[in-house]
Amino acid sequence: MKKLSARRRHPLAALVVLLFALAVTGGLYAAFSPSEAKADDSSAQSLAIEEGKKLYAVGCASCHGTGGQGTSDGPSLVGVGSAAVDFQVGTGRMPAQQPGAQVPKKRNIYSDAEIEQLAAYIASLGAGPVTPTKSQYSPDGADIAKGGELFRTNCAQCHNFAGKGGALTNGKYAPGLNGVSPKHLYEAMQTGPQNMPSFPDTVMPEKNKQDIIAYLDTVNSDKSKTPGGLELGGLGPVSEGLFGWIFGMGAMIVLTIWVAARTAKAKKS
Amino acid sequence: MSTTSDSAAQRRGKAPAGERVADWADGRLGIYSLAKANMRKIFPDHWSFMLGEVCLYSFIIIILTGVYLTLFFHPSMGEVTYEGPYVPMQGVRMSEAFQSTLDISFEVRGGLLMRQIHHWAALVFLAGMFTHMMRVFFTGAFRKPREINWLFGFLLFFLGMMTGFTGYSLPDDLLSGTGLRFIEGVFLSIPVVGTYISMFVFGGEFPGTDLIARLYPVHVLLLPGIMLGLLVAHLILVFYHKHTQYPGAGKTEKNVVGMPLLPVYMAKAGGFFFLVFGVIAALSAIATINPIWTIGPYRPDQVSTGAQPDWYMGFAEGLVRVMPGWEITAWGHTLVLGVFIPIVLFPMVLFAIGLYPFIESWITGDKREHHILDRPRNAPTRTAFGVAWITAYFVMLVGGGNDLWATHFHLSINSITWFVRIAFFAGPVLAFIATKRICLGLQRRDKDKVLHGRETGIIKRLPHGEFIEVHEPLAQEQLHMLTQHDQPEPYEIGPEVDENGVKQKIKPSQRLRSKLSKGYYGGDNVIPKPTREEYREITSGHGHH
Amino acid sequence: MSSHEISEAEDKLPEERGAASVVRPADDPFADPGLPPHEHRKQDIDERAARRSERTVALLFTVSMLATIAFIAAYVALPVDKYIYVFPIGHISALNFALGVTLGIALFTIGAGAVHWARTLMSDVEIADERHPIEASPEVKSKVLEEFRTGAKESGFGRRKLARNTLFGALALVPLAGVVLLRDLGPLPGTKLRHTKWAKGKRLMNYNTMQPLRPEDIAVGSLTFAMPEGMSEEQHDFQTEIAKAALMLVRLQPENIKDKRELDWSHEGIVAFSKICTHVGCPINLYEQQTHHVLCPCHQSTFDLSDGGRVIFGPAGHALPQLRIRANDQGYLEAMGDFSEPVGPAYWERG
């Protein structure tokens, strides 16, 4: 304690206090904000334990009803088709963990075979969009530039010009599209998961969807080219302004301090 | 005079070349007299005095790179089909302006670098002006005789915003077109003449085919020309007034202490230009700015989420975003308050700080020249006002980016909007009160330090068991620094009834001034600084404490 | 150094200001001690240290020269379309990166060298310079005023009132010539903002395919954009027309439509709304198919498409205009007229 009080006048004391305050603030935020990560593990565990039971009865029936007719907690699955199941379960959105503005993407807990079984069961309840085949969603040979135009017309308003995602009302959001597989992109357009509108083949033919997938593959994947350097999140002027202030203006202030500082004096002998 | 000219005549032909050139120039321009006054001009050294230079240099960088860009940019809205090397745009219809921007980015070697330097330098320019303005504000450097120079600086900031916005609009990409669409809405919201202004500016209905060609001379000639003039005037006044300085030993209202222009300041300032340019060039090498090739060409029926202007307009964007949608329709006319109020509020908030020096000098009635800067704590009301203003500004920046706050902090966009609506009014008030308390607390601490010395953190136990902390008396420089500031009396109206019993006429403005003046210098708003008597009493006596 | 003469007591309290006596520290505990004595830097007293500094400065300038040469080499050697992967920046243009880094180094080292030179080798003795009041002395002021009065009198500006007033008149009028010239900047508004390309019988063309839309193409929960038949990107006025005519189509269950007029103007639950926000005209189409809300990405105005396009949040001042549609004999969707009210932002004459 004595040491502490002796150091409280130290030039770095303010910094220590600041770091402490930041840690407390962060801790409070963590305590009050919904912790998804924790729930993730426990539910994943609990689900793993119950494996072996009938997949639907275990994973889905509590919200969507025993026959997929829907309840107050989940919509009817009659007629949503196998594509919707493949998307929702394949991206880990379903089964949902908790009610909220939107069901987030998370780790998928079903094997491909299980998803297929689920999808077949749901498809048997009523006709709907069918899980696409590779030839349908493959971007090979598609028109990238046309895809860009289609993307800016149909998608960019929610997902941003580079597919980085954006906000919707009351805590809902359009997710970022990097890392989403072509198959899931295709299914999302076809089925319109959650609040996303669908873009059925009648208004956006298969070819259009392939163009869009090809465009995303070009501008929003790990191998996308960003000629100018860091992409800064691809979010536009806000992140650029932040970067400009922190690294541009920050560097300028560091330089002014160096230029104006006194040169070290020789020690008095 | 005759002797000097004689000696010059004697040396003619023998003087070194540089001197001969200088002689030639002096005979025509009088450079020696100019140099006599300025060559060894003293500039005080302090990091915060170099913030203005950041702006000056980034402005020069913007002009240099801007001139380069004009060589390749086509300010035309004529529609073309892209056939250049950038695959995701091949076959897309776009304006010539957009196409030439793509060409600069993908075909002109170094063109992308110049574009990025131009844009990064613009962001740093505005950030630098903001920071510089805040330094001047909080240290009271705008006081007499520098009020006009403050106004010049403020206008430079304002015009910088406008120039930035017009430049942002030129490439005719999806984001900048969205910004222009917003401008159309702003024009339309102006009562009575709105539609006329919109038609005249756009040359017809939005977007028309004229706008880029019209914005171009405004961006490259008109606004930068005015700014250059203001900038030169700003610098001349800095030279003429001589720089302010922070209080300290040996520094008075009648002198300026620092290093001479030649050589130290010239080397430092000249070198600093290269440092600024170097940093911005490096920034442009590693970070993309305004990647119009992914944003795409403008079409009025397309949009991207996260549609924001550059940071310096973010504050206006915030005002527009959080304003409730008020609209009054009566007698066949519509008053679009939901748009009109924010765009009127936007310059008003800016001018509140722009005109502040005149307001302060009116309230305080201070007619003296000030060359020693205030420590912000010693002007609590001004400091609190400044912090309140910044609070309002940053609350609106949050409002302008509410969608990104929502996605990145997992919040609801509607709650953020409501938060900003409330915080725009409550935040500045809280910030004002808190800042003032902090300033007064610091004043109290200064007083304690002067009277009782510095707390050393060493605890001593006295023979009778009492613990005390050892205080160390301050050095003379610090005693001086902590007591040198003025503490003027508030402005008094004087008695309402004079000695003859005649009632004096007191204008409402006088009452207001007296009230405000009390807010600056009145009893609760100032901690009386220690007097010599107090100091002597404490130090000469027992040395207790 | 003149610095020691200037311990003029600036610390004086306001009431003492102006008294020009120098207060000695003995009398005044808060007196200004004057500029501190100059302390030498290492380079001032140690020539070896100074030479080290010089070598550092020279090294920095040499690096700059090398960087400039590298800049030119990169400009010549690197093709403009070459991409490289630089961790952690990404797949970036080799030329932009090379040019930027070399230019940055070339410039920065010049600056760093100059500043290092100034900081370590040039004199760092602080000098005090005197200030002089900005205001002119009373003598100068009275002389100037006198001269001005003489000049003003000689001009007869105050006496020759007729000449003066007509001069004011002429100067006030002549700028009008410039104002008049601005008239042809654009056409008068007229009723232009009230009309769009939509008209009775125009079919709704799908943006994506440019094919006419049929009711059965549009599923519940889907979002479709349409433009009037006969428009194409190649037309000269396409941008101006699409800025007003852009349309979005969604299909609701008819029982979910709360507004009676909206139901009347729909076709089998298909409703067509203007895509142009009524706030400041951004294309508004962030459609949430479960809530039937549509959000504007620019300023977050939110409209309820199941309730007549009513504003439910944000800065927009009135509902989204709806286009009345039906299916024609061939089974295609068509407009039953233009929008009944102006689309886009409100304006004074809108009413």
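Mind telling me which of the residues B:130, B:106 ends up being farther than 23 Å from residue B:216 by Cβ, of a type in the set (Phe, Trp, Tyr) and surrounded by fewer than 23 Cβ atoms within 10 Å (Cβ to Cβ)? Of B:130, B:106, the one residue that is farther than 23 Å from residue B:216 by Cβ, of a type in the set (Phe, Trp, Tyr) and surrounded by fewer than 23 Cβ atoms within 10 Å (Cβ to Cβ) is B:130.
From the list A:125, A:150, A:118, the lone residue that is touching a residue at least 40 places away in the same chain (Cβ under 8 Å), touching a Phe, Trp or Tyr at 6+ places or on another chain (Cβ under 8 Å) and outside the structural domain of residue A:183 (by TED's automatic domain parsing) is A:118. Picking from residues in segment A:214-233 that are more than 7 Å from chain B (Cβ to nearest Cβ) and within 17 Å of the chain's Cα centre (by Cα), the one that is surrounded by the fewest Cβ atoms within 10 Å (Cβ to Cβ) is A:222. Of everything in segment B:300-324 that is at the interface with chain A (Cβ under 9 Å from one of its Cβ atoms) and within 18 Å of the chain's Cα centre (by Cα), the residue that is surrounded by the most Cβ atoms within 10 Å (Cβ to Cβ) is B:310.
Out of A:81, A:74, one residue alone is at pLDDT 80 or above, within 25 Å of residue C:289 (Cβ to Cβ) and in contact with a His (Cβ under 9 Å, 6 or more places away or on another chain). It is A:74.
Would you say residue C:109 is surrounded by 10 or more Cβ atoms within 10 Å (Cβ to Cβ), of a type in the set (Val, Ile, Thr) and closer than 30 Å to residue B:275 by Cα? Spelling it out, residue C:109 is indeed surrounded by 10 or more Cβ atoms within 10 Å (Cβ to Cβ), of a type in the set (Val, Ile, Thr) and closer than 30 Å to residue B:275 by Cα.
For segment C:164-193, taking the residues that are at pLDDT 90 or above and among the charged types (D, E, K, R), the one that is farthest from residue B:210 (Cα to Cα) is identified as C:164.
Take segment C:71-112 and flag every residue that is more than 32 Å from the chain's Cα centre (by Cα) and facing another protein chain (nearest Cβ under 7 Å). Residues satisfying the conditions are C:75, C:110, C:112. Any idea which residue in segment B:215-227 is nearest to the other protein chains (Cβ to nearest Cβ), counting only those that are within 13 Å of residue B:169 (Cα to Cα) and surrounded by 18 or more Cβ atoms within 10 Å (Cβ to Cβ)? Restricting to residues being within 13 Å of residue B:169 (Cα to Cα) and surrounded by 18 or more Cβ atoms within 10 Å (Cβ to Cβ), the top hit is B:215. Within segment C:257-296, can you find the residues that are aliphatic (A, V, I, L, M), without any contact (Cβ under 8 Å) to a residue 40 or more places away in the chain and closer than 17 Å to residue C:312 by Cβ? Within segment C:257-296, C:284, C:286, C:295 qualify.
Any residue in segment B:395-413 that is hydroxyl-bearing (Ser, Thr, Tyr), assigned to a helix (DSSP H, G or I) and at pLDDT 90 or above? No, because not a single residue in segment B:395-413 is hydroxyl-bearing (Ser, Thr, Tyr), assigned to a helix (DSSP H, G or I) and at pLDDT 90 or above.
A Cβ distance below 8 Å, combined with a sequence gap of six or more or placement on separate chains, defines the contacts here; from segment C:25-49, residues that are more than 7 Å from every other protein chain (Cβ to nearest Cβ) and over 23 Å from residue B:255 (Cβ atoms) reach residues that are outside any loop (DSSP other than H, G, I, E, B) and polar (S, T, N, Q) in the pairs C:43/C:53; C:43/C:120; C:49/C:43. For segment C:212-222, the count of residues that are more than 9 Å from chain A (Cβ to nearest Cβ), under 37 Å from the mean Cα position of the chain (by Cα), modelled with pLDDT of 90 or more and not in a helix (DSSP H, G or I) is zero.
Please specify each residue of segment C:310-334 satisfying the condition of being touching a residue at least 40 places away in the same chain (Cβ under 8 Å) and either more than 14 Å from every other protein chain (Cβ to nearest Cβ) or more than 17 Å from residue B:324 (Cα to Cα) (or both). Residues satisfying the conditions are C:321, C:322, C:323, C:324, C:325, C:326, C:327, C:328, C:331, C:332, C:333, C:334. Quick check on segment B:138-153. Is at least one of its residues among the hydroxyl-bearing types (Ser, Thr, Tyr) and not in a helix (DSSP H, G or I)? Checked segment B:138-153: at least one residue is among the hydroxyl-bearing types (Ser, Thr, Tyr) and not in a helix (DSSP H, G or I). The residues listed here are A:42, A:62, A:46; of these, the one that is modelled with pLDDT of 80 or more and of a type in the set (S, T, N, Q) is A:62. Regarding segment C:339-346, can at least one residue be identified that is within 27 Å of the chain's Cα centre (by Cα) and more than 11 Å from every other protein chain (Cβ to nearest Cβ)? The answer is yes, given that some residue of segment C:339-346 is within 27 Å of the chain's Cα centre (by Cα) and more than 11 Å from every other protein chain (Cβ to nearest Cβ).
Based on this model, can you work out whether residue B:363 counts as among the hydrophobic types (A, V, I, L, M, F, W, C), more than 13 Å from every other protein chain (Cβ to nearest Cβ) and without any contact (Cβ under 8 Å) to a residue 24 or more places away in the chain? In short, no. If you go through segment B:479-500 and keep only what is within 14 Å of chain C (Cβ to nearest Cβ) and part of a loop (DSSP other than H, G, I, E, B), you end up with B:484, B:485, B:486, B:487, B:488, B:489, B:490, B:491. Checking every residue in segment B:71-84 against the condition of being modelled with pLDDT of 95 or more and within 19 Å of residue A:252 (Cβ to Cβ) gives zero matches.
Annotation for segment A:158-173: at least one member residue is buried (at least 23 other Cβ atoms within 10 Å of the Cβ), modelled with pLDDT of 90 or more and part of a helix (DSSP H, G or I). Only one entry of B:148, B:197, B:212 meets the criterion of being surrounded by fewer than 23 Cβ atoms within 10 Å (Cβ to Cβ), within 14 Å of chain C (Cβ to nearest Cβ), more than 25 Å from the chain's Cα centre (by Cα) and of a type outside the set (S, T, N, Q), and that entry is B:197.
Under the condition of being touching a residue at least 40 places away in the same chain (Cβ under 8 Å) and either over 26 Å from residue B:158 (Cβ atoms) or not in a helix (DSSP H, G or I) (or both), the residues counted in segment B:112-123 number 2.
Considering only residues in segment C:244-283 that are touching a helix residue (DSSP H, G or I) at 6+ places or on another chain (Cβ under 8 Å) and of a type in the set (A, V, I, L, M), the one that is farthest from the other protein chains (Cβ to nearest Cβ) turns out to be C:263.
Within segment C:284-294, restricting attention to residues that are out of contact with any helix residue (DSSP H, G or I) (no Cβ under 8 Å at 6 or more places or on another chain) and of a type in the set (S, T, N, Q), the residue that is surrounded by the fewest Cβ atoms within 10 Å (Cβ to Cβ) is C:290.
The values are calculated or read from the model by the stated rules, or taken from the named source; none is laboratory data. The structure displayed is predicted, hence computed values, not measured ones. All Cβ positions, even for glycine, are placed from backbone atoms using ideal geometry, and neighbour counts span all protein chains on display.
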